[in-house]
Amino acid sequence: MYHPEGDVLYHLLQVFELARDERPYDVEFLQAALLHDVGKGIDRSDHVGAALSVLEGLITPRTEFFIEHHMHALELKSGKLGAKLRQELEASEDFEDLMLLRDLDNQGRVPGVTVCTLDEALDYMRELERTNEGE
């Protein structure tokens with residue numbers, strides 16, 4: 001699926017790498033970075049809903065929160081988000097990370113940047129999960 005800097009996977013891998021630089025220990029945040037636009041290959045008119053439908057039962061509620069609200073964070077930054085949802089998001093303990101994901105989503109739009117492969121990203125998260133389980 002097309003994305004301004006190449007395709008959606010290339011964008012997702014850019015955002016994943018940026019997220020890994022910021023939160024190398026946070027599997028749920030990294031999963032959201034890697035999956036936030038996956039729905040664009042399913043339904044361009046509602047990529048968030050499509051992603052959440054496909055990922056239902058496979059991701060944690062926190063990862064789901066990031067994916068569900070990454071476009072709302074864009075609306076919040078542009079001053080177009082309604083007051084009720086803005087207050088709800090701002091009250092979340094994950095608000096700062098949501099806004100960080102939004103910033104990384106915007107930054108991950110550079111043509112020609114070298115990124116890891118999907119397998120490398122998945123291997124990183126698997127190893128991180130094993131490490132976190134051992135703590």
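The numbers here are math on the coordinates, done by the rules we state, and not lab data. Quick caveat, the model's predicted, so the values are computed rather than measured. As a convention, Cβ positions derive from the backbone with ideal geometry for all residues, glycine included, and neighbour counts pool all protein chains shown.
Go ahead and estimate [θ] at 222 nm for the chain from helices alone: -39,500 (n - 2.57) per DSSP H run with n ≥ 4, summed, over the residue count, rounded to 500.
Taking each H run of at least 4 residues, the total per residue is -20500 deg cm²/dmol.
Just to verify a number: FRET efficiency for LYS77 and THR131, C-beta to C-beta distance, R0 = 41 Å, to 0.05?
Values: r = 33 Å, r/R0 = 0.81.
That pair, LYS77 with THR131, gives E of 0.80.
Once Rh for the stretch 94-135 is found with the Kirkwood sum over Cα pairs, what is the Stokes-Einstein diffusion coefficient at 10 °C and 1.306 mPa s, in µm²/s?
Numbers: Rh = 12.6 Å.
Rounded, D is 126 µm²/s.
Scan the chain and note any complete DSSP helix (H) whose C-alpha atoms cover at least 20 Å along its axis and whose Kyte-Doolittle average is 0.0 or more.
Working: long enough: 8-22 (21 Å, 0.35); 61-77 (23 Å, -0.55); 118-133 (23 Å, -1.27).
TM-like helix candidates: 8-22.
Taking Cα extents along the principal axes in Å as the quantity of interest, determine which of [x] 102, 46, 26; [y] 40, 37, 26; [z] 37, 32, 27 was computed from the displayed structure.
Recomputing Cα extents along the principal axes in Å here picks out [y].
Want the number for SER92 to ASP123: 0.36 nm per residue separation, take away the alpha-carbon distance, what's left?
Taking SER92 through ASP123 to full extension adds about 8.2 nm, to one decimal.
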